[in-house]
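Enquirer: Supplied in structure tokens, the structure appears directly below.
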Amino acid sequence: MQKLNEGRSHVIDPPGVKRTAYLVEPGDVGKTQGKYLGQEPYVFQADDVGRLVEVTVGFTPGYMSWRFTSMFEDLRKQYPDPKPYKVSE
């Protein structure tokens, strides 16, 4: 994954929480990453290449979670999701 920043805190985050952004690259396809949404392992697919990933650490000691997208609007605008989440109706 291509690292996009060194970790930022969002206004809603408690002290010590950092969010680091990455872009999924072709070499990540087929690799498994644990803690997707804080729980599940996830295997990156070919259509995930170019997606923005945000890793969050620091809510509690040893805590790590990640998800596709970012809390930061500037990153979402710069790296729009080619495969956005679908909202259930």
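Enquirer: Restricted to segment 1-42, and to residues that are in contact (Cβ under 8 Å) with a residue 24 or more places away in the chain and among the aromatic types (F, W, Y), which residue is nearest to G58 (Cα to Cα)?
Expert: So the residue we want is Y36.
Enquirer: Report, by residue number, each residue of segment 52-81 that is surrounded by 12 or more Cβ atoms within 10 Å (Cβ to Cβ) and more than 14 Å from the chain's Cα centre (by Cα).
Expert: Within segment 52-81, G58, F59, Y63, Q78 qualify.
Enquirer: Could you grab me the full set of residues in segment 34-89 that are of a type in the set (D, E) and either in contact with a His (Cβ under 8 Å, 6 or more places away or on another chain) or part of a strand (DSSP E or B) (or both)?
Expert: Passing the criteria: E40, E54.
Enquirer: Under the condition of being exposed (fewer than 11 other Cβ atoms within 10 Å of the Cβ) and hydrophobic (A, V, I, L, M, F, W, C), which residue from segment 6-40 is nearest to D81 (Cα to Cα)?
Expert: Step by step, filter segment 6-40, then rank; the result is L37.
Read the figures in this text as sums done on the coordinates, not as results from a lab. This one's a predicted model, so the numbers in the text were calculated from it and none came from an experiment. A quick note on method: Cβ atoms are made from the backbone with ideal geometry, for glycine too, and the neighbour counts reach across all protein chains shown.
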